[in-house]
Amino acid sequence: MTRPIPLRKRLLVRLLITSVLIAICSVAATAWLAVETTTRAIQEEQGQVLTEDMDILRQLSGYAATHRDWSGVGKTVRALSDRTGRRIALTAPDRTPIADSETRNTALPPRAAAAVDPLHTDTFTEPGAQRTGIDPRAVGPFRLPRAERERVRLLAEKRRACFSINGVETRITQMPSGRSVLTDEEGTVDGGQVPTPCADGVLNTPTATEEKALAQLNTYAGDCLKRVGGKFPSLFAATVDFTDRSTLTRYLGQKAETGIDTTRDQDKNAQECVDRGRRQQLEPYVAPAAELFLGRGDSAVPHFDMSAANKAKVTGVAGLVLALTVAVTVLVATRLVRPLRALTHAAQQPPEQHVRVPVTTQDETGILAVAFNDLAERRERMEAQRKAMVADIAHELRTPLTNIRGWLEVTRDGVVDPDPELLASLHDEAVVLQRVIDDLQDLAAADAGTLRLHREPVRADELLEQVVAAHRVAAEAAGVRLHTAVAASKGSDGSHGSHGSHGSHGLHGSDGSDGMPWLDADPVRMRQALGNLVSNAIRHTPADGTITLSSRRHDDEVVFEVADTGSGIAPEDLPSVFERFWRAEKSRSRRTGGSGLGLSIVRQLVTAHGGTVTVTSELGSGSVFTMRLPDAR
């Protein structure tokens, strides 16, 4: 009784565990990849959208800072839309359309993405830099005409050369108003500390345009300070540039030199009045405030939401995939294991039962089942042949031994005199016994691969003549005629030759120049093989019948045929002709039907020479045994 297979080692369990692990890994990897990819994509999209939004707002704010109205903004809006692939729309605060990149009459998003107002902006000229105040590109009356810009640039180049002589490297930068200033590597105006030889004050002196604009700004700021109770309106001189809040800060830092004490609130009021005055001064020079609408609605960007509901969905889908994987694995594994179990059960049965298994599939398992059934069938057939062979051997040996023993006993008892005729009969029986033993020995040597062959060049016609000469007496005794026919190949003169049983021939060389078939074989074994075929044909050919031995060359083979006009073999018996101890008529004795080993020996001898032997037959017409052997050419 076989030991049961442990559960953990069963094929079904291992397939199930493998499938579960694969499913878990696949689901986990897919979920992780989806989350990572989605998160990264959202982050990239957020950064891209934010950059696009700031760039759109920066350019539209710059347009508003340099134009008195929005009349020509449509071209800029369309260019921005083409570059970003988004819808861009500008409206007045009351939703009156100003410009829209969308030609179709579609509704605007629920709320504006931003307000475009150069006098109240939170976006600097560079994307990402934040500030609160007026767009620096809004200069209004401070914009220098061409002549003043050129004069200031020359003064800047002169000061830059002075700075360079004194070991300070600067560069010339042009402000939005057109004024040229010097900046160092850190972007500080005038390079931080001004060398004494270069501090002439000429470059920073306001031009006529700036003096006029500063006077107007001082008026606006002064009026504001009077309303809020400022203590030092007289300090606002035309030389103070209030277009930049940093200048105002420097100015307030110098107030201690005037001997005027101010409070923190007064300083704050001064800054607010300057900002208010600048807006009042710049308002006629900039476009009015507008609302900016972007094609994606509000400024919120979609993001990956791993809420409880989404987690439940992911978990549910993963569980469903896992359940389906397990179910499919169980179904497939069961179908795979079922035929294997049948094979295992059949293999564990006693050999004498020769159990077969049903073939239910056409895959590898089905092929294995077919091979198992074939193996069982061959084993059953070999077992039957083994038993039959033992019985046949015993029968073949018993008959001559019984005859010899019987004659010797009656001779010993004086019943029969040991005359020459009795001795001849005993000799014949001994010869029969010796032939059976020799046949069995030949078959055993062939099966063991120890059958020795002494090869030499052999002419086909001479081999046939020798076989006919050896069996002519037996054929004449049976009233059967023997004929030979050897077909020669085409000669050098283009003619064909043939050799018959009554023809004459001389000696020929072994190089095949005479056109006769030659083969490299053991002549004794070949005569034995052909002799067995002739003996078999004589036994099954009636009187006045004919047996023809022929040979010919076909391609690279020498073909021998032994044809008779005997009783023939039934079609169902043809596959068993070359089996050991097989007889067409089971009732025949050794003397009439042979031992049943001759044809088996023929097959073994021909196979040892590298050839094949086949038979064709028709009941009532005779049989043809064909041997094909390698040509010696």
If we keep just the residues of the stretch 554-575 that are modelled with pLDDT under 90 and touching an Asp or Glu at 6+ places or on another chain (Cβ under 7 Å), which is nearest to Leu619 (Cα to Cα)? Gly568
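Among the residues of the stretch 85-114, write down those that are in a loop (DSSP other than H, G, I, E, B) and within 50 Å of the chain's Cα centre (by Cα).
Keep residues of the stretch 85-114 that are in a loop (DSSP other than H, G, I, E, B), which gives 85-87, 92-96, 101-113.
Gly85, Arg86, Arg87, Ser101, Glu102, Thr103, Arg104, Thr106, Pro109, Ala113, listed by residue number.
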Looking at (1) at pLDDT below 90; (2) within 25 Å of Ala64 (Cα to Cα); (3) open to solvent by 30 Å² or more (accessible area, probe 1.4 Å), which one does Leu214 not meet, given that it meets all the others? (3)
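Condition check ((1) touching a Ser or Thr at 6+ places or on another chain (Cβ under 7 Å); (2) hydrophobic (A, V, I, L, M, F, W, C); (3) modelled with pLDDT of 90 or more) across all residues:
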{"residue": "Ala129", "(1), (2), (3)": "no, yes, no"}
{"residue": "Arg151", "(1), (2), (3)": "no, no, yes"}
{"residue": "Leu155", "(1), (2), (3)": "no, yes, yes"}
{"residue": "Gly167", "(1), (2), (3)": "no, no, no"}
{"residue": "Glu185", "(1), (2), (3)": "no, no, no"}
Within the stretch 168-211, restricting to residues that are under 21 Å from Val286 (Cα atoms), touching a residue at least 60 places away in the same chain (Cβ under 8 Å) and outside any loop (DSSP other than H, G, I, E, B), the one that is most open to solvent (accessible area, probe 1.4 Å) is Thr209
Inside the stretch 530-546, can you point out the residues that are closer than 23 Å to Gln604 by Cα and open to solvent by less than 60 Å² (accessible area, probe 1.4 Å)? Leu530, Gly531, Asn532, Leu533, Val534, Ser535, Asn536, Ala537, Ile538, His540
Filter the stretch 68-84 down to the residues that are of a type in the set (Gly, Ala, Ser) and under 19 Å from Ala287 (Cα atoms) and list them by number. Ser71, Gly72, Gly74
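I'm trying to understand the selection: among the residues of the stretch 132-149, which are outside any loop (DSSP other than H, G, I, E, B) and surrounded by 13 or more Cβ atoms within 10 Å (Cβ to Cβ)?
Residues satisfying the conditions are Gly133, Gly140, Pro141, Phe142, Glu148, Arg149.
For every residue, the table says whether it meets (1) touching a helix residue (DSSP H, G or I) at 6+ places or on another chain (Cβ under 7 Å); (2) farther than 26 Å from Arg279 by Cβ; (3) open to solvent by 30 Å² or more (accessible area, probe 1.4 Å).
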| site | (1), (2), (3) |
| --- | --- |
| Gln59 | yes, no, yes |
| Leu90 | yes, no, no |
| Arg111 | no, no, yes |
| Ala114 | yes, no, no |
Quick count over the stretch 279-334, residues being over 29 Å from the mean Cα position of the chain (by Cα) and modelled with pLDDT of 80 or more, is 16
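The values are calculated or read from the model by the stated rules, or taken from the named source; none is laboratory data. Source: prediction; values computed, not measured. Virtual Cβ from ideal backbone geometry, glycine too; neighbours counted across all protein chains shown. Note: areas computed on protein heavy atoms with side chains; ligands, DNA, RNA excluded. Shrake-Rupley method; radii C 1.70, N 1.55, O 1.52, S 1.80 Å.
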